[in-house]
Amino acid sequence: MNSSTLPTTLGKVDPDIELVRRAQAGELGAFESLVERHRDVVFRVAARVVGPEDAEDVSQDAFLRAFHRLDRFRGEGAFRSWLLQITHNAALSAIGRRRPEPIEEPDEVEAEGPTAIRGPVSQLESRERRKRLEMKIRLLRPEHRTVLVLRDVEGLSYEEIGEVAEMPLGSVKGRLHRARDELIDLLRRNTYDWELPK
């Protein structure tokens with residue numbers, strides 16, 4: 001088969017397509033290779049949507065769903081986008097099964113001493129800001145959280161996010177705008193969070 005007949009996404013040949021075809025033909029090792037290739041991004045997306053404590057379960061659920069639905073993948077888009085769509089749906093299902101739990105705000109930390117001190121203190125402050133940012137992201141509505149994570153954390157294009165979240169391009173942009181506004185509002189409620197990590 002020549003490269004002109006391979007499925008493409010945005011003009012590029014999907015690098016996963018050969019593994020997908022082999023997995024669809026029953027080769028378990030090919031699917032295991034796909035899992036290895038995408039394990040990290042699936043876990044990161046799941047962790048940002050449901051939190052790190054449930055991310056492993058959601059990741060396993062997403063890969064299991066993908067395995068059982070592999071015959072439905074037609075190559076009209078990238079395998080990665082298709083897999084992240086499944087991850088997104090698995091994460092939303094996990095959130096729907098949860099009983100609402102109050103999210104505890106950490107105690108406010110008073111800045112003490114000179115801020116020019118670098119090294120371990122600076123690293124600790126940076127880690128603390130990242131933890132607070134992740135906590136704030138988890139306070140967003142799930143549909144906002146998903147588009148924000150896919151765009152600003154994972155760097156997916158608007159088109160890819162549209163595939164993953166099954167929504168038109170205009171809706172992706174609108175939802176991302178609202179997600180960013182919601183996050184900024186959450187951050188402004190705590191002046192400690194204003195200096196976000198770069």
Notebook entry, point to check: So which residues in region 20-41 are of a type outside the set (D, E, K, R) and without any contact (Cβ under 8 Å) to a residue 24 or more places away in the chain, if there are any at all?
Noted result: Ala25, Gly26, Leu28, Gly29, Ala30, Ser33
Note to self: Anything in region 48-77 that is within 16 Å of the chain's Cα centre (by Cα), hydrophobic (A, V, I, L, M, F, W, C) and either surrounded by fewer than 22 Cβ atoms within 10 Å (Cβ to Cβ) or in the same structural domain as Met167 (by TED's automatic domain parsing) (or both)? List them, or say none.
What the structure shows: Ala55, Phe63
Note to self: Checking the structure you have, find out if any residue of region 168-187 is assigned to a helix (DSSP H, G or I), at pLDDT below 85, within 14 Å of Gln85 (Cα to Cα) and not assigned by TED's automatic domain parsing to the domain that holds Asp40.
What the structure shows: no
Check: Which numbered condition trips up Ala78, out of (1) touching a residue at least 40 places away in the same chain (Cβ under 8 Å); (2) within 20 Å of Arg138 (Cβ to Cβ)?
Finding: (2)
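The values are calculated or read from the model by the stated rules, or taken from the named source; none is laboratory data. Note that the structure is a prediction, hence the values are computed from the model and not measured. Glycine gets a Cβ as well: all are built from the backbone with ideal geometry, and neighbour counts include every protein chain shown.
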